[in-house]
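Input: a single structure, listed below in structure tokens.
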Amino acid sequence: MNILILGSGGREQAFAWKLSQSTKCKSLYIAPGNAGTLAFGTNLSISANDFQSVKNAVLKYNITMVIVGPEDPLVKGIHDFFLGDNELKHIPIIGPQKDGALLEGSKDFSKQFMLRHKIPTAQYQSFTKETLANGLSFLETLSAPYVLKADGLAAGKGVVIPTTLPEAKKELTEMLANAKFGNASAKVVIEEFLKGIELSVFVLTDGNSYKILPAAKDYKRIGENDTGLNTGGMGAISPVPFADEAFIKKVEQQVIIPTINGLKQEGISYKGFIFIGLMNVDGNPQVIEYNVRMGDPETEVVIPRIKSDLLDLFVGVANGNLNEVNMEIDERFATTVMLVAGGYPEDYKKGNIITGLEKVEGSLVFHAGTIVKETDDKHQHVVTNGGRVLAITSYGNTMDEALQLSFSNAERINYDGKYYRKDIGKDLKSYYSKA
Ligand code: AMP
Ligand code: GLY
């Protein structure tokens, strides 16, 4: 098969790494890809949101399957674009159509969906500019902290959690009346604050049957001990100690089955990943959000733990017989530590030369924001090209063993402004010392 992966992050490089191991994968293309994906296929300098250019590439390279990494093209309807085009409609896409992508594209839709299908989630109400006054009164009935979510996609920044009532009121007013997140905050969901510990559960589905992939824990804040601004994710661990078999069973019964059945009942044909952001509240799952793609950096620990051929699983999704495909999971731990650019998630520099990649031993390096470029010395170098630069993934028989490897290899790589969190996994250690 000739495969095209859309996207350019660590998630897409992890897909490329894994798919390139399949004997059924003849050629692999990544659009636009990064310096790391070059080792596994051909990078095409096409934006994942430029559907016409994606079409041209699909026809030119005789692509037989498309894997969509990020949410943007899904929410914008890339799958529908393919289905509506006579030259493309027979080509399977891993990723939902627009109606399914609304699970991520609209917080209000996803909350209503959960309510319709009795999926456990925080109580909420939605407000618009016209009902701002009601929203402000509603805030008065809640206790701190307050959870305000822009309805639409806001590049991961649309959730604000003010700790005082005046701040919450100011924030709601800015989101609705002053369009703080543009059209994405034309509607705002206000919901009950859930107290617990977060994790991510991933499901791959053909619309009927599903596979539950390994769960992972992400580290969202830039600073150690979960302080500072939110990022795309600074590291990830899989498996998650508190997501034991009994907990995952609850997630399956209370969340996954009702989600798959709900999609079917509503006539939404869904082929792709469902990423369920969960809060474990005293041993019970509550859904924080759905995403319609894999997580990044969670993919960098989840995919390495899948022993089976990922392409077989994708073909099962495309053909609607995923239930017939076997999936084997590696029992070992996988950890990833994200190296980021100095200043991220605020302003940061691009174009810094990365050295030491060849010194890495025993870890997988998944590139995120990197590119090969000629620099002032007239030589080609791998340079930084984004906020999140490289994900260092390691296996271990214990979480600590895997983490030690990731951290020691993180030290071997250098570029100006390199930063990473040295406390990834620290919060989980107590679960193991208790055992
Ligand atoms: P999201 O962009 O939906 O992933 O939300 C960003 C972060 O906000 C989540 O990862 C949670 O840490 C936090 N969050 C979202 N909803 C809630 C909630 N109802 N209660 C507590 N924290 C929340
Ligand atoms: N790591 C969180 C996300 O991919 O949304």
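The values are calculated or read from the model by the stated rules, or taken from the named source; none is laboratory data. The model shown is predicted, which means the values in this text are computed figures rather than measured ones. Neighbour counts run over all protein chains shown; Cβ positions are idealised from the backbone, glycine included.
Some points to look at:
- Residue among E331, E346, E300 that alone is acidic (D, E) and part of a helix (DSSP H, G or I): E300
Every residue, every condition in (1) under 30 Å from D244 (Cα atoms); (2) at pLDDT 95 or above, yes or no:
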site	(1), (2)
N323	yes, yes
R332	yes, yes
E346	no, no
I354	no, yes
T370	no, yes
E411	no, yes
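- Selection within segment 274-286 - surrounded by fewer than 23 Cβ atoms within 10 Å (Cβ to Cβ) and within 16 Å of ligand 2 (Cβ to nearest atom): G277, M279
- Check on V189, of a type in the set (A, V, I, L, M), closer than 19 Å to G105 by Cβ and away from ligand 1 (no atom under 16 Å from the Cβ): no
- Selection of segment 365-408 for residues being over 22 Å from R221 (Cα atoms) and crowded, with 23+ Cβ neighbours inside 10 Å yields an empty set.
- Residue that is nearest to G233 (Cα to Cα) [pool: residues in segment 344-358 that are under 26 Å from the mean Cα position of the chain (by Cα) and charged (D, E, K, R)]: E346
- Output for segment 202-240, where each listed residue is part of a loop (DSSP other than H, G, I, E, B), surrounded by fewer than 20 Cβ atoms within 10 Å (Cβ to Cβ) and away from ligand 2 (no atom under 16 Å from the Cβ): G207, N208, S209, E224, N225
- Meets criteria (modelled with pLDDT of 95 or more, crowded, with 17+ Cβ neighbours inside 10 Å and in a loop (DSSP other than H, G, I, E, B)) for M294: yes
- Odd one out for V147 among (1) more than 13 Å from ligand 1 (Cβ to nearest atom); (2) over 25 Å from T299 (Cα atoms); (3) β-branched (V, I, T): (1)
- If you go through segment 33-60 and pick out every residue that is touching a strand residue (DSSP E or B) at 6+ places or on another chain (Cβ under 6 Å) and surrounded by fewer than 18 Cβ atoms within 10 Å (Cβ to Cβ), you end up with 2.
- Where helices (runs of 4 or more DSSP H) sit wholly within segment 81-167, those with at least 2 residues that are under 28 Å from A57 (Cβ atoms) and modelled with pLDDT of 95 or more occupy 98-105.
- The single condition among (1) closer than 27 Å to L142 by Cβ; (2) part of a helix (DSSP H, G or I); (3) more than 14 Å from ligand 1 (Cβ to nearest atom) that K180 does not satisfy is (2).
- Candidates in segment 260-286 are the residues that are part of a loop (DSSP other than H, G, I, E, B) and not charged (D, E, K, R); of these, the one that is modelled with the lowest pLDDT is G283.
- Test set (1) more than 16 Å from ligand 1 (Cβ to nearest atom); (2) in contact with a strand residue (DSSP E or B) (Cβ under 9 Å, 6 or more places away or on another chain); (3) under 22 Å from I67 (Cα atoms) - I268 fails condition number: (2)
- From the list A154, A122, A179, the one residue that fits, being surrounded by fewer than 20 Cβ atoms within 10 Å (Cβ to Cβ), within 16 Å of ligand 2 (Cβ to nearest atom) and of a type in the set (G, A, S), is A154.
- Matching residues in segment 372-426 - criterion: being β-branched (V, I, T) and within 20 Å of N34 (Cβ to Cβ): V372, T375, V382, V383, T384, V389, I392, T393, I413
- Residue, farthest from H381 (Cα to Cα), within segment 407-430, restricted to residues that are assigned to a loop (DSSP other than H, G, I, E, B) and not basic (K, R): G425
- Near pairs, Cβ below 6 angstrom, 6+ apart or cross-chain, from segment 289-313 (under 19 Å from P239 (Cα atoms) and more than 8 Å from ligand 2 (Cβ to nearest atom)) to any residue that is in a helix (DSSP H, G or I) and modelled with pLDDT under 95: none
- Candidates E324, E374, E361, E331 - the one that is among the charged types (D, E, K, R) and within 24 Å of the chain's Cα centre (by Cα): E331
- Against the numbered list (1) over 20 Å from the mean Cα position of the chain (by Cα); (2) farther than 25 Å from G152 by Cβ, A236 comes up short only at (1).
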